[in-house]
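Visitor: Quick one: this structure, given as structure tokens, is what I'll be asking you about.
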Amino acid sequence: MYVISWLFEALRRMKFSLNYREGSSTVPTGVAVFLVALFICLFIPSIRNTIFAKSVFIYEDVALLLAPSADRAYAYGTRHFNATDPAHYNLARAEKMYTLALSMDPAFPYTHHQIARIAFLKGDHARALVHINESIDRDPDPSSFYIRGLIKGFVGDYEGAARDYRTFLREKPTSWAGINDYAWVLLKADRPLEALVAVDWGLIYSPENVWLYNNKATAHMELGQYELAYDAALRAQEMVGGVSEEEWLRAYPGNDPLIAAEGIEALKNAIEINIHTISLAIEKQENDVP
């Protein structure tokens, strides 16, 4: 929208008399330039997307210059951190806007939370932890405990992560994603029975959930219940084919929409590995029987 509007405004302002002679069949220079620019914008995706993004950034920067506010900067950050809007998604721009909002108003709600999420996605777990701790100190919102649980799980603090997930789940007991990630850290902490209880609890609220079934298979396997593990893994395999990119992005909010297909493929591979590992365990068990 921004680019096309700019092009039509440019066309309106052009001097169509350039290189134009009465009766000439030559396309006026202004029209030619406009058509070339329009072709580039509409039919060359990489150039079109770059021009579009730059025009949005310019619009935002001018708006913030004319009417600076933390609320406006935060709104722009959220625009660029929305994985369901690939045209505007830009992690670096989102972080810049959230940081700007924070500089304008250090107490602006949820800003540390969002910066923590971005730092986590970038793999900067130490900085993510600093910001999420600050967010929780200012406002102990359940979702911030969820994010801190995720960060702690990735740095190996499984007990700390489990505590944060329990805090989150006390407020959001039907969240399948929270239950699934809680089960994940319990598995990491070598507590498969508790993980299985959590997964079965999650399946009450989300009975056709591929992520829960994959963790259920792992929990059964670690408990030595190989047949049950195999059944759960097969259920996960049946379900994964129906996972759309939109569903994957809802399960992993904030991730780059361009990696959704890759994420689904990684999930499929994880399920295949689970099935293979369980199959080997069943075969070994059968061979060990006298």
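Visitor: What does the charge count near residue 72 come to, summing +1 for each Lys or Arg and -1 for each Asp or Glu among other residues with Cβ under 12 Å from its Cβ? Intermediate values should be presented prior to the final figure.
Guide: On the way: positive: 79; negative: 60, 61, 71, 105.
The answer is -3.
Visitor: Set the Förster radius R0 to 41 Å, insert the Cβ-Cβ distance between residue 234 and residue 84 as r into 1/(1 + (r/R0)^6), and round the FRET efficiency to 0.05. Display every interim value, and only then the final one.
Guide: On the way: r = 31 Å, r/R0 = 0.76.
FRET efficiency, residue 234 to residue 84: 0.85.
Visitor: ³J(HN,Hα) across region 113-126 via Karplus (A = 6.51, B = -1.76, C = 1.60, θ = phi - 60°), whole Hz, x for Gly/Pro?
Guide: Ordered by residue, 3J(HN,Hα) equals 4, 5, 5, 4, 4, 5, 4, 4, 4, 7, x, 8, 5, 5 Hz.
Visitor: About its Cα centre, how strong a charge dipole does region 203-290 have in debye, to the nearest 20, once Lys and Arg get +1 and Asp and Glu get -1 at the Cβ?
Guide: Values: 5 positive and 15 negative charges, 37 e Å.
Dipole of region 203-290, to the nearest 20 debye: 180 debye.
Visitor: Could you work out the percent of alpha carbon pairs in region 203-290 separated by over 22 Å, rounded to a whole number? Before the final figure, lay out each step's value.
Guide: Values: 1252 of 3828 pairs.
Tail fraction, whole percent: 33.
Visitor: Each label point is 7 Å from the Cα along the Cα-to-Cβ direction; what then is the distance between the points at residue 268 and residue 223, in nm?
Guide: 3.0
Visitor: What net charge is computed for the residues neighbouring residue 160, neighbours being all others with C-beta under 9 Å from the C-beta of residue 160, Lys and Arg scored +1, Asp and Glu -1?
Guide: 0
Visitor: In percent, what relative contact order does region 203-290 have, based on Cα pairs under 8 Å that are 6 or more apart in sequence?
Guide: On the way: 69 pairs, mean separation 26.4, N = 88.
Relative contact order comes out at 30 percent.
Visitor: Projected onto the charge dipole of region 103-172 (+1 at Lys/Arg Cβ, -1 at Asp/Glu Cβ, origin at the Cα centre), which of 146, 129, 114 gives the Cα projection farthest towards the positive end?
Guide: Most positive-ward Cα: 146.
Visitor: Here's something else I'd like to know. So if R0 is 22 Å, what FRET efficiency would residue 200 and residue 143 give, r being the distance between their Cβ atoms, rounded to the nearest 0.05? If you can, show how the numbers build up before the last one.
Guide: On the way: r = 24 Å, r/R0 = 1.10.
E between residue 200 and residue 143, to the nearest 0.05, is 0.35.
Visitor: What full-extension length gain, to one decimal in nm, is calculated for residue 54 and residue 126 as 0.36 nm per residue of separation minus the Cα-Cα distance? Show your work: numbers first, answer last.
Guide: Numbers: separation 72, 0.36 × 72 = 25.92 nm, distance 3.11 nm.
Gain in length upon complete extension: 22.8 nm.
Visitor: In addition: Do any of 96/152; 96/268; 152/268; 152/284; 96/188; 216/284 go past 32 Å between their Cα atoms, and which? Show your work: numbers first, answer last.
Guide: Working: 96/152 25 Å; 96/268 35 Å; 152/268 25 Å; 152/284 35 Å; 96/188 34 Å; 216/284 21 Å.
Exceeds cut-off: 96/268; 152/284; 96/188.
Visitor: Something else about it: Roughly how many Å is it from the Cα centre of region 112-163 to that of region 247-282, as a whole number?
Guide: Cα centroid of region 112-163 versus Cα centroid of region 247-282: 23 Å apart.
Visitor: Can you check what the net charge comes to around residue 218, using other residues whose Cβ is under 15 Å from the Cβ of residue 218 (Lys, Arg +1; Asp, Glu -1)? Could the numbers behind the result be given before it?
Guide: Values: positive: 188, 191, 216, 235; negative: 181, 190, 194, 200, 222, 227, 231, 272.
Charge balance in the 15 Å sphere: -4.
Each reported figure results from applying straightforward, stated rules to the coordinates on display, with no laboratory input. Every value quoted in this text rests on a predicted model; they were computed, and no experiment measured them. FYI the Cβ positions are ideal-geometry reconstructions off the backbone, even for glycines, and counts take in every protein chain you see.
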